[in-house]
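Please see the structure below; I have some questions.
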Amino acid sequence: MTVVDAPPLAAHRPSVSSDRDTGIDFLRALCVVGVVLLHAIMVGVTVVDGSPVFANASEGTWWITPVSWMLQVMPLFFIIGGFAGLIAYRRQSERGGTASAFVASRVHRLLRPATVVVGIVGAALAALSLAGVPADIVATAGFRYGQPLWFLGVFLLCQALLPALADAHGRMPKTVLAALVLAALGIDALRAQTGIEGLGFVNLAFVWLALQQVGFFLADGTVDRLSRRIRGIVGAASLTALTATFLSGVYSPDLIANINPPTCALILVGIVHLCAVSLLRDRISDVSRRPAAAAFSRFVNRRTMTVYLWHMPVLLAMAGGSAASAMIAGLPLPEPSSLEWWLSRPLWLVAALALTAVVAIALTSIETHPAPTLSRSGRRIAAAVTIGLLAVVLLLVAGTSVLTAGVAVLGLLFARRLARGSHQSAGREGVADVVRVA
């Protein structure tokens, strides 16, 4: 991976307004909450023969498919990431900023809260082991915690490549998007033909980069310039194609299954979301300006990464607390998917949101702390991104344990150090503005 200082974007490009798009901010906040709710409803905890059992409550159930249709918001989130990222990068370029400064600001914004949470989780796992908690339970907790971290690695990769892809979008927008989509389709086809499931993980790059690229078309006004009729036809055609892939068995109708590893079904989902958002954008904007919606949007967007990184530790703590309480009181916990379990889900989901919000409030300053002086060196920034990615991959592949968490924290700290420059050599142009837009 290389990150180079890119020249300011061509002068013929339209200037970007300084006003925030409140509708897009509101949608991004809803996406974050949707992720928390989806993961919360998948938590299954029971007590069997006096021992807690933690499992995926949705595994093998029928209900995960319709739930995934409602709460699989990651395609839209990456489209919004492309939208916000392109605007931020163009604004910074207009002010004389560089690609390296843009990526360095992303490294700090993403990896600072990650360093804290990985360190605390590692310490918590050590404390559980010292307290005599069975090793298999500690390992399960570490595994469950690490699963959502794919997003951190993929989003860091997408943001690191954004300047180069934004520049390419300015020259040949359709060609770049088509190349990414075709690459993703090729990986899906190769996986299907060979039966090698691991090949699908290559699409952790191509699928999400394609969706980020789709967001560029929303940001530069291309989507809005299409007639409402065309947008409706494209959305309906994408939904029809998506349904056809489900009925033909090409892709699973469970959109959670299509995320691990990611498939091109998610690109179709993203196009459906994009068309719907575009057609309803005025109404969404009107709703987003209402006091309650605006307050909600400000709260979540200020803490996006904190909420995402901390919601799983909160859910694990809730599961552990539920199991401990049930064992102490000698009361059974409802079996996942039973009537009693469903009746308890509203309270469970509200508690998950409330506790995650409390943690996010307490840790807000970690995410919102101003970026330090940033390195101008493309090589240092590229190394920072690479080391940050390797730290996340370690947790995903080897699992989160006391050892891997410690190694990952060292890697994340080193990545942040590489992205930091001296006061004499670093450029601050547009950095604060970039952080606010993101």
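Semi-axes of the equivalent ellipsoid for region 18-89, please: Cα gyration tensor eigenvalues, times 5, square-rooted, ordered largest first, whole Å.
35, 13, 9
So, one more: May I ask you to compute the full-extension gain from A292 to A131, defined as 0.36 nm times their residue separation minus their alpha-carbon distance, rounded to one decimal in nm?
Gain on extension, A292 to A131, equals 53.6 nm.
Right, something else. Each residue of region 333-338 in turn: what ³J(HN,Hα) in whole Hz from Karplus with 6.51, -1.76, 1.60 and θ = phi - 60°, glycine and Pro shown as x?
Karplus values, whole Hz, x for Gly and Pro: 9, x, 5, x, 6, 6.
Rg to Rh for region 271-420: what is it, with Cα atoms only and Rh by Kirkwood?
Rg/Rh: 1.07.
What are the ³J(HN,Hα) values, in whole Hz, obtained from phi via the Karplus relation 6.51 cos²θ - 1.76 cosθ + 1.60 with θ = phi - 60°, for each residue of region 277-288 in sequence order, with x given for Gly and Pro?
5, 4, 5, 9, 4, 5, 5, 4, 5, 4, 5, 5
For region 97-253, what does the alpha-carbon gyration tensor say about shape, rounded, prolate or oblate, given a ≥ b ≥ c as the root eigenvalues, a/c under 1.5 as rounded, and a/b over b/c as prolate?
Judged from the Cα gyration tensor, region 97-253 comes out oblate (a/c at least 1.5, b/c at or above a/b).
From the Cα trace of the chain, what convex hull volume per residue do you get, rounded to a whole Å³?
151
Also: Report, to two decimal places, the Cα Rg of region 280-359 normalised by 2.2 N^0.38 Å (N = number of residues).
Output field value: 1.47.
Please list, in chain and number order, the residues 5+ apart from V53 or on another chain whose amide H is under 5 Å from its amide H, with Hs placed from the backbone.
The list, which skips near neighbours in sequence, is T46, V47, V48.
Further question: Taking the Cα centroid of region 275-313 and of region 163-238, what is the distance between the two, rounded to the nearest whole Å?
24
Could you tell me, in Å, what Rg and Dmax come out for the Cα atoms of region 127-168?
Values for region 127-168 (Cα only, Rg and Dmax): 17.7, 55 Å.
Turning to a different aspect of this structure: How many angstrom separate the Cα center of region 352-407 from the Cα center of region 25-67?
Each part's Cα centre sits 24 Å from the other's.
What is the distance in Å between the Cα centroid of region 245-267 and that of region 93-138?
Region 245-267 and region 93-138 have Cα centres spaced 30 Å from each other.
For the chain, give the percent of accessible area contributed by carbon and sulfur heavy atoms, probe 1.4 Å, rounded to a whole number.
It is 68 percent, rounded to a whole number.
If you don't mind, another one. Assign one of three labels to region 171-272, namely rounded, prolate or oblate, based on the Cα gyration tensor with a ≥ b ≥ c the square roots of its eigenvalues; rounded applies when a/c is under 1.5, prolate when it is not and a/b is larger than b/c, and oblate otherwise.
oblate
Mind giving me the nanometre distance, one decimal, between the label points for A317 and R225, set 7 Å out from Cα along Cα→Cβ?
5.0
Here's a follow-up. Please work out whether region 85-142 counts as rounded, prolate or oblate from its C-alpha gyration tensor, where a ≥ b ≥ c are the square roots of the eigenvalues and a/c under 1.5 means rounded, while otherwise a/b larger than b/c means prolate and anything else oblate?
Prolate is the answer for region 85-142, as a/c is 1.5 or above and a/b outweighs b/c.
Within the P(r) computed for region 363-421, what percentage of the Cα pairs occupies the region above 17 Å?
Tail of the P(r) past 17 Å holds 47 percent of the pairs.
Before rounding to the nearest 500, sum -39500 (n - 2.57) across all DSSP H runs of length at least 4 in the chain and divide by the residue total; then give [θ] at 222 nm in deg cm²/dmol.
-24000 deg cm²/dmol
Can you tell me the accessible area per residue over the chain, all protein chains present, probe 1.4 angstrom, in square angstrom?
Per residue, the chain has 45 Å² of solvent-accessible surface.
Once the dipole of the chain is set up with Lys and Arg at +1 and Asp and Glu at -1 on Cβ about the Cα centre, which of H273, A160, L180 lies farthest towards its positive end?
Towards the positive end, the residue furthest out is A160.
Just round it to a whole percent: the fraction of Cα-Cα distances in region 146-224 exceeding 22 Å.
Of all Cα-Cα distances in region 146-224, 31 percent exceed 22 Å.
The values are calculated or read from the model by the stated rules, or taken from the named source; none is laboratory data. On a predicted model such as this, the values are computed, not experimentally measured, just so you know. Counting neighbours? That spans all protein chains shown, and the Cβs are built from the backbone with ideal geometry, glycine included. When the accessible area is computed, the model is the full protein with side chains, heavy atoms only, and any ligands, DNA or RNA have been set aside. Shrake-Rupley method; radii C 1.70, N 1.55, O 1.52, S 1.80 Å.
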